[in-house]
Amino acid sequence: MTTTAVANHPSIFTHRSPSSSSSSPSFLFLNRTNFIPYFSTSKRNSVNCNGWRTRCSVAKDYTVPPSEVDGNQFPELDCVVVGAGISGLCIAKVISANYPNLMVTEARDRAGGNITTVERDGYLWEEGPNSFQPSDPMLTMAVDCGLKDDLVLGDPDAPRFVLWKDKLRPVPGKLTDLPFFDLMSIPGKLRAGFGAIGLRPSPPGYEESVEQFVRRNLGAEVFERLIEPFCSGVYAGDPSKLSMKAAFGKVWKLEQTGGSIIGGTFKAIKERSSNPKPPRDPHLPTPKGQTVGSFRKGLRMLPDAICERLGSKVKLSWKLSSITKSEKGGYLLTYETPEGVVSLRSRSIVMTVPSYVASNILRPLSVATADALSSFYYPPVAAVTISYPQEAIRDERLVDGELKGFGQLHPRSQGVETLGTIYSSSLFPNRAPNGRVLLLNYIGGATNTEIVSKTESQLVEAVDRDLRKMLIKPKAQDPFVTGVRVWPQAIPQFLVGHLDTLGTAKAALSDNGLDGLFLGGNYVSGVALGRCVEGAYEIASEVTGFLSQYAYK
């Protein structure tokens with residue numbers, strides 16, 4: 001993927017720093033899902049910015065030296081994971097505990113997918129996913145990779161805000177906040193309360209969009225002032241098209257199982273008390289409250305740590321050109337590599353590349369699978385990271401002289417283009433020099449695809465203009481620009497029918513006798529970084545189950 005170069009725009013760039021790169025959430029909201037969580041592939045390698053030239057930082061090359069390749073042929077592997085993004089790396093890490101005879105291949109020259117941490121000029125920022133929800137699977141992966149002491153967690157009491165009627169209004173963080181927050185009117189709160197206990201229209205006989213579900217259950221105000229900006233923040237999506245069942249399945253299931261959202265909640269609590277989980281691993285850290293996490297030197301530390309453990313099993317700059325079913329069982333994979341054409345034989349394959357990439361590779365094996373995967377939509381999103389001096393923040397936004405909080409979301413109805421803003425320097429330590437505020441802003445998405453035709457300076461100007469309406473003083477100095485990254489195909493949209501389409505793709509693999517070929521990645525597991533890691537454990541379990549049966553065939 002490419003981005004346009006930054007044009008000279010003195011009204012925005014009083015200080016200039018070229019954009020650079022090293023890819024569900026991070027602004028927490030309602031159920032604490034991450035804000036703009038995970039992105040698909042990017043092909044940008046360099047940008048030319050007013051005489052500055054920067055290149056993507058390249059991960060340490062873990063490819064086996066050519067001397068270890070015998071005629072470009074390898075012994076049969078138990079598994080090949082195609083794609084060394086966070087899903088692929090985590091899947092391989094889990095599988096390797098029982099089946100170390102595996103390989104992870106990546107077409108690009110670095111691992112980690114779109115996790116893109118950049119450090120320069122005293123700043124540390126993310127240009128892809130920005131944080132994660134510290135679930136036990138996520139923490140387990142971090143601890144197993146030796147990163148326990150590098151974990152950093154945000155303040156669980158830090159406020160979150162939504163822009164409404166020219167004012168940033170706090171979002172309730174706990175039940176006791178509900179009667180007092182001013183984002184909703186009293187009638188709106190009553191409508192939501194009655195709907196939550198079941199006094200609302202019954203579910204229709206078809207799959208509902210997020211907008212349909214929320215309006216029916218909780219009313220217009222909850223949708224317009226909370227859920228609509230939340231969907232923009234998590235999916236950069238259009239809630240009138242997103243599937244409630246696919247995008248927010250846990251909430252959807254509450255009504256299905258309990259007759260209402262509250263009824264389902266009580267039923268889930270009762271079931272958990274009747275069937276308690278096994279004791280929690282005492283080696284895992286215990287986050288306080290609902291928060292988000294990262295690492296001391298950014299998210300990049302996780303894929304780097306996994307690559308160190310997988311070592312020569314990770315192959316970079318290996319472009320998969322074809323997969324064929326072997327007559328002897330398993331699969332033959334053919335790659336274009338720096339050492340020439342390489343062939344691999346493997347008992348199983350996990351495709352963790354974006355669905356549109358997997359579609360092209362799998363078409364010769366299953367047209368139905370390829371057609372299903374090609375139908376998933378990835379809208380563009382830009383990550384714009386800029387910095388202001390502390391004194392540029394509006395006085396009413398400061399607490400004890402500092403900007404505090406997770407960040408803010410902007411409903412589409414409020415006349416701003418930016419989807420939302422992360423208070424990066426408030427969320428985690430050592431992200432900006434003293435006296436500076438670092439803000440990560442997202443713009444674009446399914447309702448604003450025109451961003452791909454804008455220059456980087458135009459994107460920064462739009463973000464700066466929006467921020468001066470509610471966060472930055474109108475006459476503050478121009479921002480210092482640390483990075484601008486455009487992802488033309490960013491977050492897969494879980495539209496109405498998504499789960500059915502995914503089911504069709506998987507069923508077609510089985511119908512064509514392609515046992516041992518698995519689909520993975522964020523369009524399967526979920527778009528949040530934490531969900532990608534959780535999904536990696538689930539997919540790895542499927543693969544190891546298959547391999548254990550394969551041994552007895």
Quiz item: Does any residue of the stretch 200-218 turn out to be loosely packed, with under 15 Cβ neighbours inside 10 Å, out of contact with any Leu (no Cβ under 8 Å at 6 or more places or on another chain), of a type outside the set (K, R) and under 30 Å from S131 (Cβ atoms)?
Solution: no
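Considering only the stretch 341-385, how many residues are assigned to a strand (DSSP E or B) and surrounded by fewer than 18 Cβ atoms within 10 Å (Cβ to Cβ)?
Taking the stretch 341-385 as the starting set, the residues that turn out to be assigned to a strand (DSSP E or B) are 341-351, 381-385.
Subset that is surrounded by fewer than 18 Cβ atoms within 10 Å (Cβ to Cβ): 341, 343, 345.
Number of matching residues: 3.
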Quiz prompt | Single unsatisfied condition, R53 versus (1) assigned to a loop (DSSP other than H, G, I, E, B); (2) of a type outside the set (S, T, N, Q); (3) modelled with pLDDT under 50 | solution = (1)
Exercise. Output the number of the condition that R160 fails; it satisfies all remaining conditions of (1) among the basic types (K, R); (2) open to solvent by less than 20 Å² (accessible area, probe 1.4 Å); (3) touching an Asp or Glu at 6+ places or on another chain (Cβ under 7 Å).
Key: (3)
Quiz item: Would you say G293 is at positive phi and either open to solvent by less than 30 Å² (accessible area, probe 1.4 Å) or in contact with a Ser or Thr (Cβ under 8 Å, 6 or more places away or on another chain) (or both)?
Solution: no
Practice problem: From (1) assigned to a loop (DSSP other than H, G, I, E, B); (2) in contact with a Leu (Cβ under 9 Å, 6 or more places away or on another chain), pick out the condition that doesn't hold for P433. | Solution: (2)
Quiz item: Mind checking which residues of the stretch 457-477 are over 15 Å from E417 (Cβ atoms) and not aliphatic (A, V, I, L, M)?
Solution: K473, P474, K475, Q477
Self-check item: Every residue from the stretch 245-275 that is small (G, A, S) and either exposed (fewer than 11 other Cβ atoms within 10 Å of the Cβ) or over 17 Å from P201 (Cβ atoms) (or both)
Solution: A246, A247, G249, A268, S273, S274
Quiz item: Pick from A192, A196, A142: which is buried (at least 18 other Cβ atoms within 10 Å of the Cβ) and touching a Gly at 6+ places or on another chain (Cβ under 6 Å)?
Solution: A192
Quiz prompt | Among residues of the stretch 147-157, those that are crowded, with 22+ Cβ neighbours inside 10 Å and either of a type in the set (S, T, N, Q) or more than 13 Å from I422 (Cα to Cα) (or both), counted | solution = 0
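Go through the stretch 375-415 and give me each residue that's closer than 24 Å to P433 by Cβ and of a type in the set (A, V, I, L, M).
Residues of the stretch 375-415 that are closer than 24 Å to P433 by Cβ, as a first pass: 383-395, 397-408.
Within the stretch 375-415, A383, V384, I386, A392, I393, L398, V399, L403 qualify.
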Self-check item: Residue count for the stretch 464-475, restricted to those that are open to solvent by less than 20 Å² (accessible area, probe 1.4 Å) and either outside any helix (DSSP H, G or I) or out of contact with any strand residue (DSSP E or B) (no Cβ under 6 Å at 6 or more places or on another chain) (or both)
Solution: 5
Exercise. Mind telling me which of the residues R436, R431 ends up being in contact with a helix residue (DSSP H, G or I) (Cβ under 9 Å, 6 or more places away or on another chain) and open to solvent by 50 Å² or more (accessible area, probe 1.4 Å)?
Key: R436
Exercise. Report, by residue number, each residue of the stretch 526-545 that is farther than 18 Å from N114 by Cα and hydrophobic (A, V, I, L, M, F, W, C).
Key: I539, A540, V543
Self-check item: So G293, is it small (G, A, S) and either farther than 20 Å from G521 by Cβ or in contact with a Lys or Arg (Cβ under 8 Å, 6 or more places away or on another chain) (or both)
Solution: yes
Quiz item: Out of all the residues in the stretch 481-534, which are outside any helix (DSSP H, G or I), open to solvent by 10 Å² or more (accessible area, probe 1.4 Å), of a type outside the set (A, V, I, L, M) and over 30 Å from F295 (Cβ atoms)?
Solution: G497, N512, G513, D515
Quiz item: Going through the stretch 390-405 one residue at a time, which ones are β-branched (V, I, T) and open to solvent by less than 50 Å² (accessible area, probe 1.4 Å)?
Solution: I393
Practice problem: Looking only at the stretch 406-416, decide whether some residue is over 21 Å from L226 (Cβ atoms) and surrounded by fewer than 22 Cβ atoms within 10 Å (Cβ to Cβ). | Solution: no
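The values are calculated or read from the model by the stated rules, or taken from the named source; none is laboratory data. Fair warning: this is a prediction, and the values are worked out from it, not measured in the lab. In this analysis, Cβ positions are derived from the backbone assuming ideal geometry, glycine residues included, and neighbour counts consider all displayed protein chains. Ligands, DNA and RNA are excluded from the accessible area calculation, which covers all protein heavy atoms including side chains. Shrake-Rupley method; radii C 1.70, N 1.55, O 1.52, S 1.80 Å.
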